[in-house]
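**Q** The structure's right below; bear with me while I get my questions together.
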Amino acid sequence: MGRIISTLALSAVCILSFGLDARAGVTAADIAKYDLASGESVYNKSCAACHTSGILKAPKTGVKADWTARLGQGMNTLVKKSIDGYTAEGNMPAKGGDAELTDKQVGDAVAYMVKQVL
């Protein structure tokens with residue numbers, strides 16, 4: 001009986017932990033994994049044209065309201081959609097339309113933009 005209760009308690013803790021992580025969205029620790037200086041350079045070269053003005057429904061850099069729902073998706077999802085492209089809400093071309101960018105460079109640029117609203 002004690003073993004069953006311990007197993008249930010451990011399961012509940014795990015479920016609650018996963019739930020909290022999922023709601024947390026992007027954190028400063030997520031951003032710390034990226035090179036923000038590289039991200040700023042990539043942003044200026046390949047991302048600023050759309051993300052400064054909000055053209056094609058791009059979330060504007062530094063405008064928290066534009067990023068709030070996206071942040072809840074987590075950093076991995078934001079980076080993946082930026083690498084692969086995403087057209088359900090706007091028109092994010094794969095790698096911002098710059099096929100020469102590496103996946104790492106795209107991740108760095110996303111982290112740079114996200115950092116502006118955290």
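**Q** If the viscosity is 1.567 mPa s and the temperature 4 °C, what translational diffusion coefficient in µm²/s does Stokes-Einstein give for the range 26-115 when Rh comes from Kirkwood over Cα pairs?
**A** Answer, rounded: 102 µm²/s.
**Q** Rounded to the nearest 0.05, what FRET efficiency do residue 29 and residue 99 give with R0 = 25 Å and r taken as the Cβ-Cβ distance? Could you check? Intermediate results must be reported in sequence, preceding the final value.
**A** Working: r = 30 Å, r/R0 = 1.22.
After rounding to 0.05, the efficiency reads 0.25.
**Q** If you don't mind, there's one more thing I want to ask. Going down the table (64/104; 45/95; 33/115), which pairs top 20 Å between alpha carbons?
**A** 64/104, as the Cα separations exceed 20 Å there.
**Q** Which net charge results when you count Lys and Arg as +1 and Asp and Glu as -1 among the other residues whose beta-carbon is under 11 Å from that of residue 105?
**A** -2
**Q** Treat the count of other C-beta atoms within 10 Å as a stand-in for reagent exposure and order 110, 26, 63, 117 from fewest to most.
**A** 63, 117, 26, 110
**Q** Give me the one-decimal nm value for the distance between modelled label points at residue 116 and residue 53, 7 Å along each residue's Cα-to-Cβ direction.
**A** About 1.5 nm separates the two model spin labels.
We did not get these values from a lab; they are worked out from the coordinates using the rules stated. Being a predicted model, the structure only gives us computed values, none of them experimental. Reconstructed Cβ throughout: ideal geometry from the backbone, glycine too, with neighbour counts over all protein chains shown.
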